[in-house]
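Read-outs throughout are calculated quantities, based only on the coordinates presented, and are distinct from any laboratory measurement. Remember, predicted model here, so these are calculated numbers, not experimental data.
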Amino acid sequence: MLKRLRRIEGQIRGLERLVDEEQYCIDILTQVSAATKALEGVALLLLDQHLEHCLTPTTDPAEAEQKLNEASAAIRRLVRS
């Protein structure tokens with residue numbers, strides 16, 4: 001996870017440099033798209049880990065429902081962005 005985030009951090013620094021150097025807009029947009037996809041990948045990985053860890057069968061149905069609702073809300077936020 002940290003390796004991915006560091007790579008994204010490098011992409012963002014590269015974006016700053018492209019903007020600072022007033023590079024071609026399409027090149028900047030291409031890099032924005034790549035950084036966005038990389039962040040989405042991190043979000044999906046985090047969601048997968050959350051589902052594995054937190055949504056394991058539990059003896060308390062209310063707790064299971066709450067965790068499922070949290071995961072559903074996170075998915076909705078991710079899809080909307």
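In percent, rounded to a whole number, the relative contact order of the chain is 28, using alpha-carbon pairs under 8 Å and six or more apart. Extension gain, I75 to C25: 0.36 nm times the residue separation minus the Cα-Cα distance gives 14.9 nm.
Against the main long axis of the alpha-carbon atoms of the chain, helix 2-20 sits at an angle near 30°. Debye-formula intensities of the chain, expressed as log10 I(q)/I(0) at q = 0.14, 0.17, 0.22 Å⁻¹, are -0.61, -0.76, -0.99 (one equal scatterer per alpha-carbon, no solvent).
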